[in-house]
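K.L.:
Please read through the structure below; I'll follow up with questions.
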Amino acid sequence: MPEAHQSKQNEPFQTGLVTGDFTAGYTSCMPTNAPTTAQSDAAAPDTTILDPHQIHSQAAALAAHLQRAGVAFLPQTDPATADEMAAWFLPAEDPQPASQADVPQVASPQAGTPHDGQSQAASQQSPVTGKNAQTPAPASNPAAPASPAAPASPAARPRRSDPVPAFTSIEGPYPGVLLPIADRQSRLDELAADVAACTECKILSDCRTQTVFGEGSVAPRFVFFGEGPGADEDRSGRPFVGKAGQLLTKMIQACKFRREDAYILNTVKCRPPGNRNPDVEEIANCRTYYEQQLTILRPEYIVCLGAISAQELMKTKLSVGRLRGKIHQYMESKVLVTYHPAYLLRNPAAKKAAWDDLQLMMRDAGLL
Ligand code: URA
């Protein structure tokens, strides 16, 4: 293979060289009416190398500088408001969009406790930049805006996308005894029957075609934890079988194992009507089901796909952008947070980050 070609394949998400492969870049997962990478490459410069967070943080630094310099066209040119102004230039939220993969910040009863990871080291090595961010973590919530009275020092300000230190949401071990593999399927079948009969959420149980319990190996090393069924899943009774599911399958295959070697489940087992996000009560009603599934399976790794599952499992309000890039812990399982495949379908540029996340897990698991 020519050298140039080879080095491009080492950055799989930046290229479209291996069509049909999740690691092949953006082309294979774009909507069919969207221009391919090759088409858009010809028409316009490649913007995928731009880091929006870097741009925002540079804009924030410039705004703060102008503010300090007393530039008149900026409103309220007193230094005390520089931080506030600079914050306008920062991304308002994690880059998850507003749809099923995108999740409003689910209020968690435990958010703001040490479980959200904030009480850990204020200064951390950024897995994105490799630089020591030296971020003075706020005592209560790292995602909270800086105090207006704080001195303007945008260079030291943590970016809202900076990963937080790894943390444990619930200390292990899993309750009860580890079931022999032979008994796990029957226990899961009993639980699936309970789920199928569940009418705890009136709207969801009235609207569903069927419940979507989960599927896969009963002795999985890796569990993929989604949000809730969509229309295709509601019809088939199986998780992740629509377009997002097809991408998930490619992501799993890119990790060098088969979909059936993993276990796939969702936070909620019924399709929220119109693909809206499940609400706090619906998530709480379903909690006992996914908790029991995980307790039966006791996977080595749980991959949270998107904010709903990540915030629920990790008992936090932190965004995916902040939770990703680290290996967290839930009971005895390691937890990796990454973008939901539905989000990746709409935002192919984020596939690079998702692939980085999966590679982090593969390295940890000894698969790389
Ligand atoms: N999105 C999810 O979160 N889960 C599914 O099963 C399908 C789409």
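K.L.:
Classify the stretch 235-368 from the C-alpha gyration tensor, please: rounded if a/c falls under 1.5, else prolate or oblate depending on whether a/b exceeds b/c.
P.N.:
Verdict is rounded for the stretch 235-368.
K.L.:
From the cross-link list 256/326; 256/334; 269/317; 250/334, which pairs have alpha carbons spaced over 30 Å apart?
P.N.:
Beyond 30 Å: nothing from the list.
K.L.:
How large is ³J(HN,Hα) for each residue in the stretch 164-172, as worked out from phi by the Karplus curve 6.51 cos²θ - 1.76 cosθ + 1.60 (θ = phi - 60°), to whole Hz, x for Gly and Pro?
P.N.:
Ordered by residue, 3J(HN,Hα) equals 8, x, 4, 8, 10, 8, 9, 5, x Hz.
K.L.:
Hey, another quick one. Out of the stretch 179-258, which trypsin sites (Lys or Arg not before Pro) are coil in DSSP terms and have no more than 16 other C-beta atoms within 10 Å?
P.N.:
When the trypsin sites (Lys or Arg not before Pro) of the stretch 179-258 are filtered for loop state and at most 16 Cβ neighbours within 10 Å, 221, 256, 258 remain.
K.L.:
Of all accessible surface on the stretch 168-365 at a 1.4 Å probe, what whole percent is carbon and sulfur?
P.N.:
On the way: 3650 of 7270 Å².
After summing per-atom areas, the C and S share lands at 50 percent.
K.L.:
As a test question: what accessible area, to the nearest 10 Å², does residue 270 have when a 1.4 Å probe is rolled over all protein chains in place?
P.N.:
Roll a 1.4 Å probe over it and residue 270 shows about 10 Å².
K.L.:
If amide hydrogens are placed 1.01 Å from N in the peptide plane, which non-local residues have theirs closer than 5 Å to the one on residue 170?
P.N.:
331
K.L.:
Tally Lys/Arg at +1 and Asp/Glu at -1 over every other residue whose Cβ is under 12 Å from the Cβ of residue 178; what's the total?
P.N.:
Once positives and negatives cancel, what remains is +1.
K.L.:
Another one. Could you derive backbone 3J(HN,Hα) for the stretch 274-286 from the dihedral phi with the Karplus parameters 6.51, -1.76 and 1.60 (θ = phi - 60°), listing whole Hz in sequence and x where the residue is Gly or Pro?
P.N.:
Here the 3J(HN,Hα) series is x, 6, 5, 5, x, 8, 4, 5, 4, 4, 5, 5, 8 Hz.
K.L.:
Another one. Taking a probe of 1.4 Å, how large is the accessible area per residue of the stretch 168-365, in Å²?
P.N.:
37 Å²
K.L.:
Once you sort the root eigenvalues of the Cα gyration tensor of the stretch 158-258 as a ≥ b ≥ c, which label holds: rounded (a/c under 1.5), prolate (a/b larger than b/c) or oblate (the other case)?
P.N.:
Working: a/c = 1.41, a/b = 1.17, b/c = 1.20.
It comes out rounded by the Cα gyration axes.
The values are calculated or read from the model by the stated rules, or taken from the named source; none is laboratory data. All values reported here derive from a predicted model rather than from experimental measurement. A quick note on method: Cβ atoms are made from the backbone with ideal geometry, for glycine too, and the neighbour counts reach across all protein chains shown. What goes into the accessible areas is simple: the full protein's heavy atoms, side chains included, and nothing from ligands, DNA or RNA. Shrake-Rupley method; radii C 1.70, N 1.55, O 1.52, S 1.80 Å.
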